[in-house]
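To keep things clear, I will list the structure first and then write my remarks on it.
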Amino acid sequence: MNAGTFLFWSLGTLIALSPLPLGGNRPWAWALLGLGVGFLVVLWAVAAFRNAALAPIEWRRSRLIVVPFAVLVFWFLAQASGGMPEAWHHPLWREASGALNAPLAGAISLNPEASRQAVLRLLTYGGVFWLAFQLGRNEKRARNIFWIVAMAGLAYAIYGLVAHLGGSQKILWYPKWAYQDSLTSTFVNRNHYATYAGVTLLACLALLLAEIRRIRRHSPIAAEDTLGFFDACGFRFYFLIVACGILFTALLLSHSRGGFLSAAVGIGTFAVVAGMRLREQRRSIEVLPMAVGGMLALSLLAAILAVSGKEVFNRLGDAAKTDRLAIYERTLEGIGDRPFLGFGLDTFKESFRLYRDEGFRFYVDTIDHAHNTYLELAMGGGLPAFALLLFLAGYVTLLCFLGALRRRRNAIFPAAGVAVTALVGVHALADFSLQIPAVAITYLGLLGVASAQSWSAREEAVSPS
């Protein structure tokens, strides 16, 4: 086994195992993930130094990803450092020093240790994206990453369905202490599992559409009539149909309204972006087989909704009763107090206490997250860092969008990259699934591959060096 093959399958294994246990959201679990990713990045760097083929993406294509990410890491570390100007330190450090009558090494961050740990997680996520970006330039590996994600999602969905329908009140070997009436698979929070299920469902849908295109391209009968198309379909086609149904059922049984709505946005985005490419190739694609396939899919969807969707729609009807505006208002107040410096990455729990008065009421006493990733990042990192994060995410998404429109082959991958970004981006408006290691690693693994497939070998050959 050569270095490239070892790196690829090791990365795929880490992505597939990231939800074990509890979505990877325990210190020892994400620490193991971080060690594994760090080892693979170092191994890739050594192997790429010896064999340039392992680093196929030129600097000019990656610099607008690497440089902003490096700047963000430097800034978040600076927030946790005591070496920044004292005037930049949060005033609470000065007050604590006076109250204790002892000198304290202050920092911008209210919790430097938490900020440093958050940087380690950020480096882990960046390492997953980078490895997928470099290794996913190969078409076969890109497709295999999608298969790994889809099959891992299917396995966790089947486990979740068996546990949920069987009345189990355990998550693996842990007692299930929350959301006993909802399917959470190996996750604690149903919203986080719903996001993961939605991401893996999109990977499955991308493979299904790629399979349809493959059948139509290689089967003369399938290109002529509907019955010929279904006659030409093999095991993979029907397997993927069933897999999509299982994933969608598990997503609905999570009873997560945010997960359902964000998945709908992701699927809709994928349909639009992939459809734009289909229109460009309309002379080679017959409408009738696609229409019949669409009707079958809608029929399956309607059946699943009838059986599994009642609780989701009930909760959608009650959505207005859940009011997190008080958290958002106080978070915005904190952002206004320190718009440029922030409170430190991953310090929301400590920061929010400063803005929680006696008139504030919520369903839990301790609030660890803003339930809006954008507001939480802006409060922790400061507005300049938040803007740079948005630029980084926007640039990679734009790269995928343009690739989905321009590529003659494999446009499905960048189209899926746009779709999964839409899904997690919408869900981040109302929850913090992206802060769960399994969700972040799976998403960034797919996005890295999607970005790497955003231009063809022909474009690379004719472009200036």
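The values are calculated or read from the model by the stated rules, or taken from the named source; none is laboratory data. Everything numeric here is computed off the predicted structure, so don't read it as measured data. No Cβ is skipped: glycine too gets one built from the backbone with ideal geometry, and neighbour counts run over all protein chains shown. Remember, those area values only see protein heavy atoms, side chains included, never the ligands or the DNA or RNA. Shrake-Rupley method; radii C 1.70, N 1.55, O 1.52, S 1.80 Å.
What the table shows:
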item: Odd one out for residue 162, checked against (1) crowded, with 18+ Cβ neighbours inside 10 Å; (2) modelled with pLDDT of 90 or more; result: (1)
item: Qualifying positions in the range 428-446 - open to solvent by less than 10 Å² (accessible area, probe 1.4 Å) and touching a residue at least 60 places away in the same chain (Cβ under 8 Å); result: 431, 433, 436, 437, 438, 439, 440, 441, 442, 445, 446
item: Residue match in the range 339-346 (condition: closer than 19 Å to residue 259 by Cβ and of a type outside the set (Ser, Thr, Tyr)); result: no
item: Which listed residue, of 217, 190, is within 22 Å of the chain's Cα centre (by Cα) and of a type in the set (Lys, Arg); result: 190
item: Per-region count, the range 16-71, residues assigned to a helix (DSSP H, G or I), of a type in the set (Gly, Ala, Ser) and more than 21 Å from the chain's Cα centre (by Cα); result: 5
item: Positions within the range 130-148 being open to solvent by less than 20 Å² (accessible area, probe 1.4 Å) and either of a type outside the set (Val, Ile, Thr) or farther than 30 Å from residue 57 by Cβ (or both), in sequence order; result: 131, 132, 133, 134, 135, 136, 142, 146
item: The range 46-65, residues that are of a type in the set (A, V, I, L, M, F, W, C), out of contact with any helix residue (DSSP H, G or I) (no Cβ under 8 Å at 6 or more places or on another chain) and either farther than 27 Å from residue 397 by Cα or buried (at least 16 other Cβ atoms within 10 Å of the Cβ) (or both); result: 46, 49
item: Of all residues making up the range 205-216, the number that are more than 12 Å from residue 420 (Cα to Cα) and in contact (Cβ under 8 Å) with a residue 24 or more places away in the chain; result: 8
item: Residues of the range 92-113 that turn out to be over 28 Å from residue 395 (Cβ atoms) and either modelled with pLDDT of 90 or more or of a type in the set (A, V, I, L, M, F, W, C) (or both), as a count; result: 13
